[in-house]
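This report refers to the structure that appears directly beneath it.
The values are calculated or read from the model by the stated rules, or taken from the named source; none is laboratory data. Only a predicted model underlies this, so the values are computations on that prediction, with no experimental measurement involved. Reconstructed Cβ throughout: ideal geometry from the backbone, glycine too, with neighbour counts over all protein chains shown.
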Ligand code: AMP
């Protein structure tokens, strides 16, 4: 069965087509500037040059129409007709407490996800637009939703309850949800494969360090804690997000800077993190270049970022009473040799010893700990799309 994976944002969407008999990636692409001037689709049949088409796309249905044309195209397509696509898998960010697993799309599921829109007002509405557009264009193709929050639903209450009046949890669902779940789950499963040990016998700390960043504690295959919270703002220092701060800072800055409603939220989400500290960029490559030239704020931003990752690693070792493997994934985790070095430096007493030579690798599954390290340190490129395709295939094959 071939599966189309859709990850729909407000003005862009990413897609992939995978053949699930072999899990081979057949094609992938990106649509940008949906509903704006200069809408463009960049499509790539694996093994061929990219095909770029600038064409007006007024909404998500238009955009998905162009995706379907591209994947059926005589030259750069990968299916002769849409009948070959057995299912569509959609990434949906937030399922609240409704779903701890991926589910087949039904009218009841869609109603439930509508209710979750207030928990993720920037992400869920475009995700749902993508589903509606696909349903309009492929009315007979089964659809599955795969949630960023689902993997974290196994957390115990002591990990997800905030110490604020309990009625806010009961009335408004204010609790830790966690995000990047598909990525944390994928790398945890790969860890078990790589180490040839059952997931049930492992304690793993997964560090998803990209522009957005989160750490999870995974014991016996189940997430028991994660650093992102009610929203993706909590936890690690990120590209532009602050991560953990004293909540009193928000009211203080609001008054001092006379900020309008919503501005503080914008500052914490878009102007903080390593960008806010360094004043240089949210991209670690730019910050590292500036740090090398002696920019002290860039140097500080890198140190603060690493400090917070180490802080969570320590906390999760305590929570799990040990750790067997620490995994690095996503843009920074997969590519930033120096950052992995700073994070793992001087943790020998905890049995964590990075091999500085093996660590000189980017984007390739590799064990980068020393042979005498009690804890394995592993670089694993994430593959959320494959995870979405797998869940989609496994759910749909049961009903076909
Ligand atoms: P992601 O959100 O997972 O796509 O990660 C994107 C981030 O990865 C970028 O903003 C960069 O900060 C970081 N990144 C990508 N490549 C490198 C690299 N070679 N060295 C350091 N950071 C990198």
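Scan the stretch 307-316 and tell me whether some residue there is within 13 Å of the ligand (Cβ to nearest atom) and either modelled with pLDDT of 95 or more or under 24 Å from residue 155 (Cβ atoms) (or both).
There is no residue in the stretch 307-316 that is within 13 Å of the ligand (Cβ to nearest atom) and either modelled with pLDDT of 95 or more or under 24 Å from residue 155 (Cβ atoms) (or both).
Considering only residues of the stretch 328-352 that are within 14 Å of residue 374 (Cα to Cα) and either in a helix (DSSP H, G or I) or touching a helix residue (DSSP H, G or I) at 6+ places or on another chain (Cβ under 8 Å) (or both), which is nearest to the ligand (Cβ to nearest atom)?
The extreme case among them is 344.
Pull up the stretch 282-297, narrow it to residues that are surrounded by fewer than 14 Cβ atoms within 10 Å (Cβ to Cβ) and assigned to a helix (DSSP H, G or I), then point me to the one that is nearest to the ligand (Cβ to nearest atom).
Restricting to residues being surrounded by fewer than 14 Cβ atoms within 10 Å (Cβ to Cβ) and assigned to a helix (DSSP H, G or I), the top hit is 285.
Check residue 319 against each of (1) free of Cβ contacts under 8 Å to residues at least 40 places away in the same chain; (2) away from the ligand (no atom under 15 Å from the Cβ); (3) closer than 20 Å to residue 217 by Cβ; (4) in a helix (DSSP H, G or I) and name the one condition it does not meet.
Residue 319 satisfies every listed condition except (1).
For the stretch 366-384, check the following and say yes or no: at least one residue is within 16 Å of the ligand (Cβ to nearest atom), out of contact with any strand residue (DSSP E or B) (no Cβ under 9 Å at 6 or more places or on another chain), closer than 20 Å to residue 306 by Cα and assigned to a loop (DSSP other than H, G, I, E, B).
no
Which count do you get for residues in the stretch 239-267 that are touching a strand residue (DSSP E or B) at 6+ places or on another chain (Cβ under 9 Å) and touching a residue at least 40 places away in the same chain (Cβ under 8 Å)?
2
Would you pick out the residues in the stretch 187-222 that are more than 16 Å from the ligand (Cβ to nearest atom) and assigned to a strand (DSSP E or B)?
203, 204, 205, 217, 218, 219, 222
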